[in-house]
Each structure stands twice: as C-alpha cells, then as structure tokens.
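Quick note: the coordinates plus some simple rules give every number you see, no bench work behind them. Computed from a prediction, not measured in an experiment: that's the story for all the values here. For neighbour counting, all protein chains shown are included, and Cβ atoms are generated from backbone atoms with ideal geometry for every residue, glycine included.
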Amino acid sequence: MNEMKKTAITLNVNNEIFDIVTFPNQTLLEVLRDHLHLTGTKESCGEGACGSCTVLLNGVPVRSCLTLAIAAQGKEITTIEGLSKGEKLHPVQEAFVNHHAIQCGFCSPGMILTAYALLKENPNPTEAEIRRAISGNVCRCTGYAKIVEAIKSLAEEGR
Amino acid sequence: MRLPPFQYLEPTNMEEALSIIGTHKDTVKIMAGGTDLLNRMKLRLIEPAFVMNIGRLRNMDGIDIGDTETVIGSNARLKEIADAPLIHKRFRAIAEAAFQVASPTITNMATVGGNLLQNTRCRYYDQSGMVLNGLERCHKRGGTVCFAVKGSKRCFSVYQGDLAPALIAFDARCVLEKKGSTRTVSITELFTGNGVTPFVMEAEELLTKIILPNPEGIYSSAYRKLRLRGSIDYPLASAAVFISVKNGRKFTPCRVVIGATGAAPRVIDGESYEADMEGIAKKAYDHAEGVDNLLMPGAYRRKMVSVVVKRAIQAALDGIKEGM
C-alpha cells in the first residue's frame, strides 16, 4: 500500500472559500458531498460516463468524479447549490420545472449545470447544439424531449 | 469507486516536471485531464506511488499555427481542438476525431497528450480487481495466458485512441522531453505494436507537443468511427483518411490509417479514386485483427473497419469537391 498524507487544500465553491484537510486521492465529488455536504452533486457511475456528477470549473462543465479535489484549487467551482439565490430558483431551474423536464431528479443537477454553461457560451443554441451539449448527461426517465424543450425555451426567451 | 492512495505532485514549470519524472521514473503517473488515468486507478489497474498533475505547465497549452507547421501543446483540451476553426479547415480529420472522442463534458477535460498516450484495452483486462482476481494473469498483467485468443503467446489488447490515426494521416510528429535531452518521434514510430507496452517512450520522458506539417495544395481529410454510444464510447473500428490532388490528376494519393484493430494504428496507402475504394477497404479488412476482446464481436468489427474506411474516403472526397 502506498504512503499518503493528509493535505490542507482551499476550494472556492459557489463563491465561498473552504479550507479542508483531506487526502490527495479524494475526488472533487467526494469532497463536495462528504466534506462540504453539498449533496446536490450526485454520484452514479463514478467513471465519467453518466454526467450526474457534473459541476462547473471556471464555468466549464466537468466530471467531478474524475477530478481530484486537490487539483481543483484556484478554480471557481460551481455546484447546483450555487445556481439558485436562496429560495429563488435560477431561470434554468425554473424552465426545467415548468417544462416537466424532471422525473426522478438524479440527473437534474448535472443536466441543469450543463444547460446553464451552454446558454452562457451560446445564448441561442440550435436543437442539435443543445443535444450535443447534454449528450454526456444520461437521463433514464424523461427521454430527453422535455429537457431539450426546457433549454430551447430559454434560448427563445433570450435568458 | 475510491482511488487508491498516492502522493500528489504539481510542478509549475517544465524543469521541475522533468526532474520529478527523472527521479521517480515508473513510480510516477502523469495526469493531464485525468479522464483516463483516474478510471484506470479506480479499477486498480495501476496504483502509482506518485501522481504528477501537469495541468499547470502553461507551455504545453494551446495551438500555434505557423507558416510551415502547426504545433499543438499536449495539454490542449480536445474541445479546443474540435472547436478551433483553423484545425477544422486545415486538419479536418483531427478536429473530427477530437469531436468524436466523447461529449463536451469529457472533452472539456481530456487532453491531446492523454488521448494519444492512452493504454491499450481488452475486456479481459479493463475490469475491476473483483473480476481480475478470479482470473489467471494475462500477458498484459505480467502473466503468460491470453483469454481473448486462447493459447496465444502475445497480448491482443487494442489501442482505441481516436486522435492517433488522424495525426498519423497528417504525418504528425511528437516531442518527447526528458531532463537534459529532447527527441522528436513520428506518431507512427511512437507505437511498439506490442499490447503489453504499447509505446516506445522511456519512463523519464514527457510528451510535450505535437507537430503537424502544414499540407500544401488541394487536400482533404476525414475521420469516422464505429461505437455503441455517440456520447462516450471508444472506437470499435475507426479510420482516418488524408487525400491530396497532385497536378490536377484524377487519381489522388491517399493515406488511410485504421484504428481499434490491434495494439497500434495501421497505415494503409492506396489510391482514393472511387473505383478503388473497395480495394482499399479490402486491404483494411486484411490488416485488421478481428479478436473478440471488445464490446462487439471481432468478426463484425473487422467487417466494419472496411465500412468506416469507405465512409471516411467518401467524406474526404466530398471535402475535396467542396473545396474545388
């Protein structure tokens, strides 16, 4: 068994600074959920295939299950908890609710963050661009039609 | 799945990075995007004592398009390659390969160097310890048996990188640096052809950049692959094609490189004239290993190699017609 020591790391999560003492082999997903109790970020496959652990690093969607927490230092980390303002949902979250784009909800945090990043980069995406953007986020319930509709509605509204 | 323990190293300059791998050699694994390495570690296929993150080495970033050659830093993200208009215009097969690796959430992280240097795969090897503990050690795990080809004295694991065939189609070279020396190797020569140790790199070497000679005249290229899920899967058969028109001749020299058919991409040269497409597809079929060690049956994958070759040639020919 290899030797390993705990290390102090500093993470900027949802514009808040957290000092954490952890092992270098902890993924960002594990630190978010187990240390910071930000359980909106989900673990499903744990190997980068499903997208339920998606978070934003400097605004870009990445897999937190394949990101070391220690390597995320110095970057702005955004989780689903960082999107809403208190009780007030973000327009992307509202659109998902209004278009019934949520069933079991397990993929929703990752899906919403991916949609949010897409709309930031490209406020008026085509359906093909939406489908490409969310192609790494697997949903077992909705069949994607409602999710695509929700994102499209935001594009049309210019939000 | 949890990661095994390791010590984390994060050099901020090249000198420091080369010194670390010079000291730790085989005991250090290099992490760029992490999408491939961390999965292999989670499966306990590797348990390095040290993990060195090269994400902060700024001189390995970016794309530099010069007059005679284009240099891609090995830390360039695949999404950056897929989205770069000039890569798409001049090296379309490479942009297409980068695009087809996986969904943007993966290609936002994964790098050119990491994609190129990914290990060979086999369904009797890429498994968790729970599965592998019940199996005798195969060649890839330092043993003497092969489960894919019973009685085989060699490893039949498959190289499934998407970028390598496209880079080879453009005659790319890569720069390997170690403390005190640098060498440039063509991507074709980077591969040993041996599934157990697929690359010629030394333990102290770091892949720092890819150099692409800028092609001249009228040319086109394309990359096509077979896979189950468009958002994530490795190629089960792939083909990169480069076609150029010399002196306005109808027959055009053509370089076809097939992937996911053995431990290294294979180059098949031919004429791209439509009538000979079947001939090239036949050659690709003959060069491919059809072994039952990936998601789909070997015989089917082998047949599909000729199909993706024809699709790639057709796409490249269409590209030439568009450009003319």
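Listed by chain and number, the lysines placed with their C-alpha closer than 20 angstrom to that of B:K153 are B:K140; residues fewer than eight positions away on the same chain are left out. Averaged over the residues of B:293-302, the number of partner chain Cβ atoms lying within 10 Å of the residue Cβ comes to 0. Can you compute the helix-only [θ] at 222 nm over chain B? Use -39500 (n - 2.57) per DSSP H run of at least 4 residues, normalise by all residues, nearest 500 deg cm²/dmol. Per the formula, -8500 deg cm²/dmol. A simple charge model with +1 on the Cβ of Lys and Arg, -1 on the Cβ of Asp and Glu and nothing else charged puts the dipole of the range A:1-155 at about 220 debye relative to its Cα centre. Dipole size of the range B:1-57 about its Cα centre, with +1 on Lys/Arg Cβ and -1 on Asp/Glu Cβ: approximately 300 debye, rounded to the nearest 20. Restricting the range A:1-77 to GluC sites (Glu not before Pro) that sit in a DSSP loop and have at most 14 other Cβ atoms within 10 Å of their own Cβ leaves A:E3.
Per-residue shielding of A:58-67, expressed as the average number of other chain Cβ atoms within 10 Å of the residue Cβ, stands at 5. In a GNM of chain B with a 10 Å cut-off on Cα contacts, which of B:G279, B:G161, B:G180 has the highest mean-square fluctuation? So, out of B:G279, B:G161, B:G180, the one fluctuating most is B:G180. For the residue pairs B:K25/B:K79; A:K5/B:K42; B:K42/B:K283; A:K88/A:K120, alpha carbon separations beyond 28 Å are given by B:K25/B:K79; B:K42/B:K283. Only Lys, Arg, Asp and Glu carry charge here, each on its Cβ (+1 for the first two, -1 for the last two); on that basis the range A:91-157 has a dipole of about 260 debye about its Cα centre. Note on B:K150: aspartates and glutamates with a C-alpha under 20 Å away, same-chain residues under 8 apart excluded, are B:D126, B:E136, B:E289, B:D292. A DSSP coil position with no more than 14 other Cβ atoms inside 10 Å describes the following trypsin sites (Lys or Arg not before Pro) in the range B:227-320: B:R229, B:K246, B:R249, B:K250. Counting, for every residue in B:101-113, the Cβ atoms of other protein chains within 10 Å of its Cβ and taking the mean gives 6.
Positive end of the dipole of the protein assembly as shown, charges at C-beta (+1 Lys, Arg; -1 Asp, Glu), about the Cα centre: which of B:S103, A:C141, B:A264 has its Cα farthest in that direction? Positive-end residue among those listed: B:A264. Considering only beta bridges that DSSP places wholly inside the protein assembly as shown, some 85 percent are antiparallel.
Residue exposure proxy: B:S221, A:S52, B:S128, A:S135, ordered by other Cβ atoms within 10 angstrom of their Cβ from fewest to most, comes out as B:S128, A:S135, A:S52, B:S221.
If both residues of a DSSP beta bridge must be in chain B, then about 85% of such bridges are antiparallel. Computed per residue of chain A from DSSP H runs no shorter than four, each worth -39500 (n - 2.57), the mean residue ellipticity at 222 nm is -8000 deg cm²/dmol.
For the range A:101-159, averaging the sequence separation of C-alpha pairs within contact (under 8 Å, six or more residues apart) and dividing by the residue count gives a relative contact order of 48 percent.
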